[in-house]
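Please read the structure below before turning to the comments.
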Amino acid sequence: MPDISRRSLAAGVGLLAGAVAVPAAAQQLLAVANAPKFRAQPLTLNPDKIKWLSAQSITEHHAIYAESVNRLNAITEQLAQIDFAKAQPAEIGELKREQQVVYNSSLLHELHFECIGDAPTSPSGVFAQAMSRDFVSLDRWKAEFAAMGKAVTDGKGMVILAYTPRDKRLINHLAADHATGPVGCVPLIVMDMYEHAYKADFAGDPAKYVDGFVQMVRWVTPERLYREAIRV
Ligand SMILES: [Fe+2]
């Protein structure tokens with residue numbers, strides 16, 4: 001007998017469900033089988049090559065991110081097992097809000113780690129042109145981005161450079177938590193301003209962490225994402 005994955009089975013029965021009524025119990029089983037499984041992404045940087053952040057700080061931060069992916073999987077599976085027709089709306093609301101927080105946390109952390117560089121470089125090509133067009137100069141962008149990071153005084157938040165497909169522009173925005181930001185934007189650079197990102201190395205001086213991040217941005221990451229975004 002051929003090996004049929006749970007997801008393939010769910011997809012096949014899901015197509016069938018368009019034509020034939022599927023009993024509620026069967027829908028429940030299909031929902032569980034079809035629930036996505038998220039995997040923590042390994043670091044794409046070598047922590048030992050980063051001189052402005054300690055390797056221990058980076059690896060411990062990555063472990064925090066991996067825990068949020070585990071939590072995302074747990075919530076997603078919990079939601080898949082719920083019979084929504086019978087569930088308490090408040091329970092659904094709480095789970096969906098937390099799911100969004102940990103989902104965004106996962107995405108933003110992956111991009112944060114991808115943006116940590118080990119040497120000062122500069123953007124190039126069409127992305128460099130877009131940065132000059134929308135921020136006047138790279139120095140002015142750095143000053144704005146750094147000031148936004150230093151404005152986070154409660155140890156919670158993300159500073160994000162994003163592309164807005166609607167306006168076809170780059171903007172910096174400040175996410176007060178993992179779940180706020182302009183609708184439809186594509187994040188290109190993420191600087192994690194949660195205290196766990198800098199406390200081990202810059203306990204009393206997060207401004208030094210901000211300056212280090214801004215000077216050491218790994219520009220190949222936003223360049224790649226920008227080129228992908230403008231094709232949308
Ligand atoms: Fe973080």
Can you spot a residue in region 194-205 that is over 15 Å from the mean Cα position of the chain (by Cα), exposed (fewer than 15 other Cβ atoms within 10 Å of the Cβ) and in a strand (DSSP E or B)? no
Count, please, the residues in region 24-62 that happen to be under 17 Å from Leu107 (Cα atoms), surrounded by 13 or more Cβ atoms within 10 Å (Cβ to Cβ) and more than 16 Å from the ligand (Cβ to nearest atom). 1
Quick one: Val102 ticks every box in (1) assigned to a helix (DSSP H, G or I); (2) touching a strand residue (DSSP E or B) at 6+ places or on another chain (Cβ under 8 Å); (3) of a type in the set (Val, Ile, Thr) bar one, so which box is it? (2)
State all residues of region 105-131 that are over 18 Å from the mean Cα position of the chain (by Cα), in a helix (DSSP H, G or I) and either surrounded by 16 or more Cβ atoms within 10 Å (Cβ to Cβ) or not aliphatic (A, V, I, L, M) (or both); if no residue qualifies, say none. Gly125, Phe127, Gln129, Ala130, Met131
Single condition Phe113 does not satisfy, out of (1) within 16 Å of the ligand (Cβ to nearest atom); (2) over 20 Å from Val210 (Cβ atoms); (3) among the aromatic types (Phe, Trp, Tyr): (2)
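Given the structure, is Val20 among the hydrophobic types (A, V, I, L, M, F, W, C), outside any helix (DSSP H, G or I), over 30 Å from Ala200 (Cα atoms) and away from the ligand (no atom under 16 Å from the Cβ)? Lay out the reasoning, then the answer.
Working: among the hydrophobic types (A, V, I, L, M, F, W, C): yes; outside any helix (DSSP H, G or I): yes; over 30 Å from Ala200 (Cα atoms): yes; away from the ligand (no atom under 16 Å from the Cβ): yes.
Criteria met by Val20.
Restricting attention to region 112-130, and to residues there that are aliphatic (A, V, I, L, M) and in contact with a Leu (Cβ under 8 Å, 6 or more places away or on another chain), which single residue is nearest to Leu72 (Cα to Cα)?
Filtering region 112-130 for residues aliphatic (A, V, I, L, M) gives 116, 119, 126, 128, 130.
Still in the list and also in contact with a Leu (Cβ under 8 Å, 6 or more places away or on another chain): 116, 128, 130.
Details: Ile116: 24, Ala128: 35, Ala130: 35 Å.
Ranking the candidates gives Ile116 first.
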Would you point out the residue of region 123-155, among those that are touching a strand residue (DSSP E or B) at 6+ places or on another chain (Cβ under 9 Å) and of a type outside the set (A, V, I, L, M, F, W, C), that is nearest to the ligand (Cβ to nearest atom)? Gly149
Mind counting the residues in region 147-157 that are surrounded by 13 or more Cβ atoms within 10 Å (Cβ to Cβ) and part of a loop (DSSP other than H, G, I, E, B)? 4
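Can you pull out every residue in region 63-102 that is within 13 Å of the ligand (Cβ to nearest atom) and in contact with a Leu (Cβ under 6 Å, 6 or more places away or on another chain)? Walk me through how you get there before you give the answer.
Pass one, region 63-102, residues within 13 Å of the ligand (Cβ to nearest atom): 63-69, 101-102.
Val102, the sole residue that qualifies.
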Cβ pairs under 6 Å, 6+ apart, first in region 191-204 and more than 23 Å from Leu161 (Cβ to Cβ) and more than 9 Å from the ligand (Cβ to nearest atom), second at pLDDT 95 or above and assigned to a helix (DSSP H, G or I): Ala200/Ser57
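Anything in region 163-190 that is in a loop (DSSP other than H, G, I, E, B) and either touching a residue at least 40 places away in the same chain (Cβ under 8 Å) or within 16 Å of the ligand (Cβ to nearest atom) (or both)? List them, or say none. Give the steps one after another, and end with the answer.
Here is the first cut: in region 163-190, the ones in a loop (DSSP other than H, G, I, E, B) are 165-168, 176-185.
If the condition is that a residue be in a loop (DSSP other than H, G, I, E, B) and either touching a residue at least 40 places away in the same chain (Cβ under 8 Å) or within 16 Å of the ligand (Cβ to nearest atom) (or both), then Pro165, Lys168, Ala176, Asp177, His178, Ala179, Thr180, Gly181 are the ones that fit.
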May I ask you to say which residue of Ile189, Ile160 is touching a helix residue (DSSP H, G or I) at 6+ places or on another chain (Cβ under 7 Å) and buried (at least 16 other Cβ atoms within 10 Å of the Cβ)? Ile189
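The values are calculated or read from the model by the stated rules, or taken from the named source; none is laboratory data. Here the structure is a predicted model, which means the values were calculated and not measured. Positions of Cβ are generated from backbone atoms using ideal geometry, with glycine treated the same way; all protein chains shown enter the neighbour counts.
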